[in-house]
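Right, one structure below, let's go through it.
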Amino acid sequence: MRIDVVTIFPAFFDALDLSLIGKARERGIVKLGVHDLRAWTSDRHRTVDDTPYGGGAGMVMKPEPWGAALDEILTDDAVLIVPSPSGEVFTQPIARELAQTSHIVFACGRYEGIDQRVIDEYSERGRVRPMSIGDYVLNGGEVASIAMIEAISRLVPGVVGNPDSLVEESHEDGLLEYPIYTKPPLWRDRAVPDVLLSGNHAAISSWRHDQSIARTRAQRPDLLPPEGA
Ligand code: ADE
């Protein structure tokens, strides 16, 4: 898989040199290109923003540098993700779908966002997905892109060493994951649930399933089918 990022803050993406994603990059499983949008400006001040038409607070990212950058970076099979609090909410099924694509480009807006004509232009030419990582507002698309890149690339075969660890995770089966424990069996008078020490795999499976449902009901009832359905 190839991932390209266009941003005015390339240093945010240094974090992706670390951990499993860093190793996947070293091994060539995930190829990551980080590009400074200002490389596609042509004025002395390398301007990327301007005041909004119609008035209002804040600045808007100008279309010209974005057009020049995306014309160069997008390929015919690329999906363009534009992180935005007004996008579709990014979920595990979307991460799974995007993990199958060969090329993803992230366009990280700052300030109030990118001139809408950029999104309209590339929507006519290919696949564009404005994407939100949740109902809160960040200062720009960089942190959201890093979250999406990690969620997507860990699903690319070979990135996570033991693929079994991807199966029993929160959101993989529509439920939250059950609670987990390790040694010691007793810590500060708190014991690991007996069933987990029983060696009875059927009983452990059943306990974990019940715990998943109880946790989902407590934390995220919106994920469960409506009562009586
Ligand atoms: N940019 C600003 N806020 C964001 C959010 N919640 N998700 C994605 N991109 C953003």
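Of the residues in region 58-93, how many are without any contact (Cβ under 8 Å) to a residue 12 or more places away in the chain and not charged (D, E, K, R)?
Count: 1.
Within the bounds of region 127-142, is there any residue that is in a helix (DSSP H, G or I) and modelled with pLDDT of 95 or more?
yes
Any idea which of I104, I119, I94 is buried (at least 16 other Cβ atoms within 10 Å of the Cβ), of a type outside the set (F, W, Y), outside any helix (DSSP H, G or I) and modelled with pLDDT of 95 or more?
Selected residue: I104, the only one of I104, I119, I94 that is buried (at least 16 other Cβ atoms within 10 Å of the Cβ), of a type outside the set (F, W, Y), outside any helix (DSSP H, G or I) and modelled with pLDDT of 95 or more.
State the number of residues belonging to region 113-151 that are more than 10 Å from the ligand (Cβ to nearest atom), out of contact with any Phe, Trp or Tyr (no Cβ under 9 Å at 6 or more places or on another chain) and either closer than 13 Å to P85 by Cβ or touching a residue at least 60 places away in the same chain (Cβ under 8 Å) (or both).
Matching residues across region 113-151 total 1.
Any idea which residue in region 68-91 is farthest from the ligand (Cβ to nearest atom), counting only those that are in a strand (DSSP E or B) and exposed (fewer than 13 other Cβ atoms within 10 Å of the Cβ)?
Here the answer is E88.
I'm told E168 meets every condition in (1) more than 16 Å from the ligand (Cβ to nearest atom); (2) over 30 Å from L18 (Cα atoms); (3) of a type outside the set (S, T, N, Q) except one. Can you identify the failing condition by its number?
(2)
Quick grid of which residues meet (1) touching a residue at least 40 places away in the same chain (Cβ under 8 Å); (2) surrounded by fewer than 17 Cβ atoms within 10 Å (Cβ to Cβ); (3) part of a helix (DSSP H, G or I):
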{"position": "V5", "(1), (2), (3)": "yes, no, no"}
{"position": "D14", "(1), (2), (3)": "no, yes, yes"}
{"position": "L20", "(1), (2), (3)": "yes, yes, yes"}
{"position": "A24", "(1), (2), (3)": "yes, no, yes"}
{"position": "L32", "(1), (2), (3)": "yes, no, no"}
{"position": "S42", "(1), (2), (3)": "no, yes, no"}
{"position": "R46", "(1), (2), (3)": "no, yes, no"}
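Residue by residue, here is whether (1) surrounded by 10 or more Cβ atoms within 10 Å (Cβ to Cβ); (2) of a type in the set (S, T, N, Q); (3) over 30 Å from R25 (Cβ atoms) holds:
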| position | (1), (2), (3) |
| --- | --- |
| R127 | yes, no, no |
| I133 | yes, no, no |
| S145 | yes, yes, no |
| R154 | yes, no, no |
| H171 | yes, no, no |
| K183 | no, no, yes |
| A214 | yes, no, yes |
| G228 | no, no, yes |
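I need a count of the residues in region 185-197 that are exposed (fewer than 10 other Cβ atoms within 10 Å of the Cβ) and either part of a loop (DSSP other than H, G, I, E, B) or not basic (K, R) (or both).
Result for region 185-197: 3.
Across region 152-165, what is the number of residues that are away from the ligand (no atom under 16 Å from the Cβ) and not in a loop (DSSP other than H, G, I, E, B)?
4
What do you reckon, is E88 of a type in the set (D, E) and more than 27 Å from I29 (Cα to Cα)?
Considered against the rule, which asks whether it is of a type in the set (D, E) and more than 27 Å from I29 (Cα to Cα), E88 comes out as yes.
The values are calculated or read from the model by the stated rules, or taken from the named source; none is laboratory data. Note that the structure is a prediction, hence the values are computed from the model and not measured. All Cβ positions, even for glycine, are placed from backbone atoms using ideal geometry, and neighbour counts span all protein chains on display.
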